[in-house]
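Student: Please find one structure pasted underneath; my questions will follow.
The values are calculated or read from the model by the stated rules, or taken from the named source; none is laboratory data. Owing to the predicted nature of the structure, the values given are computational and were not obtained by experimental measurement. Please note: Cβ atoms are built from the backbone with ideal geometry, for glycine as well, and neighbour counts cover all protein chains shown. Ligands, DNA and RNA are excluded from the accessible area calculation, which covers all protein heavy atoms including side chains. Shrake-Rupley method; radii C 1.70, N 1.55, O 1.52, S 1.80 Å.
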Amino acid sequence: MLTVYLRGASYVLGESEVGYADIPDMAELAAEFGLALNPGLWGWGTVRNTRRDLADLAAATGRATLRAAGIEPASVDALVLCSTRIPGPADDHGSFMADVLTGIGVGDIPFYGMSLNRCVNLLAGLDVANAFVTGGRYRHVLVITVDAVAEGAAGISQFALYSDAAASCIMCPDPGPPGAADSYEILGCATAQDATTMAATSQISSDLARAVNDQLLEPPGLKTSDIAALLHLNLFKPLIMMKERQSGFRPGQLYLDNIERLGHCFAADPLINLVDRAALGHFGEGHYCLLAASVPGSRIGVLLKKVR
């Protein structure tokens, strides 16, 4: 079986920075969700908004990934694009994907769209890309996630403040040349679902997270304490602290700074946190990292080992 590597992790944020107090109807929405106006408690800080088209954001992060990985656009064999919502009717989706493909310069490669996994979309996309490369179907698979708050929609929910962003990486069977950008070996992908709790009114489940941990960590003989960094979603601080600690992780394995700095960038959070924590030196060569995301009724994890 081929070894697969994640390379060129990159992200692009909305160009406008907005303080939490400037989110339209912030006080009223917080009251509606039963949230006290206590920014320190929740991790309310700034979010990022964009006026750019989603295809433009997706293409920008895709180009950044190829530059970081040192891979030419012509070498990309397939694209997996993840998004909770592509604006417009389905009739417009072909033009949207054409703009993404031409914006990156990858040509007429096959593409696959993922949307129904909600904010676990990116990790579902990585799982699919990993299977493509492992099975020999494609050699270089570009994975992109892109989302923005819908026009007129609230920028806050009961569990997060939202930012517009895109993130990406390349999945391939080689770690790249010496001196190349950060490269991670994919040690495994795992999912856990509970169809009875998938409604938005349900809670995020730490039981599902522990089930994913077991699937990923038992084969290589690892424990949660062996994970140098958990790359989680940027939900409100108390929710992340409670759920991820119940899942078996220590506070030092979590990273809460981006909750206040960026808010919740939909499915992009794990890759964003991977990029930022690597830059901060939170882990090094040989260390294990876990990309993980939960929504009601679903958890997906991707276990990584940093090879450079």
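Student: Please work out if ARG52 is among the basic types (Lys, Arg), in contact (Cβ under 8 Å) with a residue 12 or more places away in the chain and within 20 Å of ASN121 (Cβ to Cβ).
Tutor: Working: among the basic types (Lys, Arg): yes; in contact (Cβ under 8 Å) with a residue 12 or more places away in the chain: yes; within 20 Å of ASN121 (Cβ to Cβ): yes.
Against the criterion (among the basic types (Lys, Arg), in contact (Cβ under 8 Å) with a residue 12 or more places away in the chain and within 20 Å of ASN121 (Cβ to Cβ)), ARG52 qualifies.
Student: Looking at segment 4-57, which of the residues that are assigned to a loop (DSSP other than H, G, I, E, B) and among the basic types (Lys, Arg) is nearest to VAL307 (Cα to Cα)? I'd like the intermediate steps shown before the answer.
Tutor: Going through segment 4-57, the residues assigned to a loop (DSSP other than H, G, I, E, B) turn out to be 4, 14-15, 23-25, 33-38, 43-45, 50-53.
Keeping just the survivors that are among the basic types (Lys, Arg) gives 51-52.
On the way: ARG51: 37, ARG52: 35 Å.
Among those residues, the one meeting the criterion is ARG52.
Student: Within segment 225-262, count every residue that is surrounded by fewer than 23 Cβ atoms within 10 Å (Cβ to Cβ), within 20 Å of the chain's Cα centre (by Cα) and hydroxyl-bearing (Ser, Thr, Tyr).
Tutor: Within segment 225-262, residues that are surrounded by fewer than 23 Cβ atoms within 10 Å (Cβ to Cβ), within 20 Å of the chain's Cα centre (by Cα) and hydroxyl-bearing (Ser, Thr, Tyr) number 1.
Student: List every residue pair whose Cβ atoms lie under 8 Å apart, where the two residues are 6 or more positions apart in sequence or sit on different chains, the first residue falls within segment 154-167 and is closer than 13 Å to GLY263 by Cβ and at pLDDT below 95, and the second residue, located anywhere, is charged (D, E, K, R) and open to solvent by 10 Å² or more (accessible area, probe 1.4 Å).
Tutor: Close Cβ pairs satisfying both conditions: ALA154/ASP25.
Student: Go through segment 1-36 and give me each residue that's among the aliphatic types (A, V, I, L, M), surrounded by fewer than 21 Cβ atoms within 10 Å (Cβ to Cβ) and under 16 Å from ALA154 (Cβ atoms). Working first, answer last.
Tutor: Keep residues of segment 1-36 that are among the aliphatic types (A, V, I, L, M), which gives 1-2, 4, 6, 9, 12-13, 18, 21, 23, 26-27, 29-31, 35-36.
With surrounded by fewer than 21 Cβ atoms within 10 Å (Cβ to Cβ) added as a condition, the list becomes 1-2, 18, 21, 26-27, 29-31, 35-36.
Within segment 1-36, VAL18, ALA21, MET26, ALA27, LEU29, ALA30, ALA31, LEU35 qualify.
Student: Considering segment 194-246 alone, what residues qualify as being among the β-branched types (Val, Ile, Thr), under 24 Å from LYS305 (Cβ atoms) and in contact (Cβ under 8 Å) with a residue 40 or more places away in the chain?
Tutor: Step one: list which residues in segment 194-246 are among the β-branched types (Val, Ile, Thr), which gives 196-197, 201, 204, 212, 224, 227, 240.
Adding the requirement that they be under 24 Å from LYS305 (Cβ atoms) leaves 212, 224, 227, 240.
Within segment 194-246, VAL212, ILE227 qualify.
Student: A follow-up question, please. For residues that are surrounded by 13 or more Cβ atoms within 10 Å (Cβ to Cβ) and over 21 Å from the mean Cα position of the chain (by Cα), tally how many sit in segment 64-95.
Tutor: Matching residues across segment 64-95 total 6.
Student: On to the next question. Where residues in segment 270-285 are open to solvent by less than 30 Å² (accessible area, probe 1.4 Å) and in contact with a strand residue (DSSP E or B) (Cβ under 7 Å, 6 or more places away or on another chain), which of them is nearest to GLN215 (Cα to Cα)? I'd like the intermediate steps shown before the answer.
Tutor: The initial filter retains those residues of segment 270-285 that are open to solvent by less than 30 Å² (accessible area, probe 1.4 Å), namely 270-274, 276-278, 283-284.
Next, only the ones that are in contact with a strand residue (DSSP E or B) (Cβ under 7 Å, 6 or more places away or on another chain) stay: 270-274, 277, 283-284.
On the way: PRO270: 19, LEU271: 21, ILE272: 24, ASN273: 23, LEU274: 21, ARG277: 25, PHE283: 23, GLY284: 24 Å.
Looking at the filtered set, the residue picked out is PRO270.
Student: Output the residue which, of all residues in segment 140-185 that are touching a Cys at 6+ places or on another chain (Cβ under 6 Å) and in a loop (DSSP other than H, G, I, E, B), is surrounded by the fewest Cβ atoms within 10 Å (Cβ to Cβ). Please lay out each step first, then the result.
Tutor: Of all residues in segment 140-185, those touching a Cys at 6+ places or on another chain (Cβ under 6 Å) come to 140, 143, 145, 163, 165.
So of that shortlist, the ones also in a loop (DSSP other than H, G, I, E, B) come out as 140, 163.
Working: HIS140: 25, SER163: 29.
Result: HIS140.
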